[in-house]
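Shown next, in structure tokens, is the structure this report addresses.
All of the numbers you see were taken from the coordinates with simple rules; none came from a lab. Just so it is clear, the model here is predicted, and its values are computed rather than measured. Methodologically, a virtual Cβ is constructed for each residue, glycine included, from the backbone with ideal geometry; neighbour enumeration extends over all protein chains shown.
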Amino acid sequence: MRILRSVWHYATQVAAIAGMDMRKLRHDPMELLTRAIQPTLWLLVFGQVFERAHTIPTEGIDYLAFLTPGILAQSVLFIAIFNGISVIWERDLGIVHKFLVSPAPRTALVLGKALAAGVRALTQAVIVYALAIAMGVQLGSNPLALAGVVALILLGAALFSTFSLIIACIVKTRERFMGIGQVLTMPLFFASNAIYPTSIMPEWLKAIAHVNPLTYLVDGLRALMLSGAGSPLGLGWDFAVLAVGLVALVAVGGRMYPRLIV
């Protein structure tokens, strides 16, 4: 019973931090509209152009359908990787100091923010699904597959958000953070299977793609969102890599979070 109470208490602390971050989204609904611009451009422009070009082998899958999970993963990445800047704002406003004197474990603070990033990313899933369906992409509607998509989005966003928080704890200023964030996002995106399969990559890029967590997020989303797409890396492996990566980063983030104010 003591273990169950401890787990419940930890979960309520995580939920409280996540709920506080989610209230920010309610007060800024314009963020949802601005976040919709990038996936719209990728699907409407890039997707339709390359679908007509027939230059990228997608193993019998329509290119626009192949691209849709990759753009969803990209949206998750872009939302989460800049989440760390909010921690710098909170430090400047004195909120981080209040968190650190609370009895909540540091990992609960980090995991709560990661969970909030995951919920934010789910709004992007709604936007991408709506765009794809409007453009005629055939997406799977199996409830278990949809639940798997939700779980993968939460895991992926939480992982990249925690990575972002660690970067914020290291650089400590908004200007440096924005610069590093810009540098990281595009290499992560292009060194993944989001817009082309790993099979056509040169060997050096293929090696990078296999250690890039975004590759596993895209692979899992593609298998769950598209009927018959399959998972070259293995769906269980996709979940395992993201889950283990998240646990490791939360542990590191919990140790580094207090250094933000030093």
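Name the aspartates and glutamates eligible as straight-distance cross-link partners of residue 113: C-alpha to C-alpha under 16 Å, and not fewer than 8 places from it in the same chain.
Within the straight-line limit of under 16 Å, residue 113 reaches these aspartates and glutamates: 21, 90.
Mind checking which of 197, 69, 232 has the largest fluctuation in a GNM of the chain, springs on alpha carbons under 10 Å?
Evaluated over the chain, the most mobile residue of the options is 232.
Roughly how many debye, to the nearest 20, is the charge dipole of the chain about its Cα centre, given +1 on each Lys and Arg Cβ, -1 on each Asp and Glu Cβ, and no other charges?
That gives a dipole near 1080 debye.
Give me the one-decimal Kirkwood hydrodynamic radius in Å for the range 69-112, with the sum taken over alpha-carbon pairs.
12.1
Net charge within 15 Å of residue 209 by Cβ-Cβ distance, Lys/Arg positive one each and Asp/Glu negative one each, not counting residue 209 itself?
-1
Test of understanding: extend the Cα→C-beta vector of residue 102 to 7 Å, then name every residue of the range 4-22 with backbone N under 19 Å from that spot.
6-22
Quick one, can you get me the convex hull of the C-alpha atoms of the range 109-231 expressed as volume per residue in Å³?
127
Mean Kyte-Doolittle of at least -1.0 and a Cα length of 30 Å or more along the axis: which whole DSSP H helices of the chain meet both?
Membrane-span-like by this rule: 2-26, 106-134, 143-171, 235-256.
With a ≥ b ≥ c the root eigenvalues of the C-alpha gyration tensor of the range 1-122, is it rounded (a/c under 1.5), prolate (a/b larger than b/c) or oblate?
Prolate, because a/c is 1.5 or more and a/b exceeds b/c.
Specify which labelled value, from (i) 0.91; (ii) 1.41; (iii) 1.03, agrees with Cα Rg over 2.2 N^0.38 Å derived from the coordinates of the model shown.
(iii)
Select from 113, 206, 98 the residue whose mean-square fluctuation is largest in a Gaussian network model of the chain (Cα-Cα springs shorter than 10 Å).
Of the options given, 98 has the highest mean-square fluctuation.
Run through the range 46-120 and list the GluC sites (Glu not before Pro) located in a DSSP loop whose Cβ has at most 16 other Cβ atoms within 10 Å.
Qualifying residues, ordered by number: 59.
Net charge near residue 177: determine it from the other residues with C-beta under 14 Å of the C-beta of residue 177, scoring Lys and Arg +1 and Asp and Glu -1.
Value of the local net charge: +1.
Select from 58, 107, 34 the residue whose mean-square fluctuation is largest in a Gaussian network model of the chain (Cα-Cα springs shorter than 10 Å).
Of 58, 107, 34, the most mobile in the Gaussian network model is 34.
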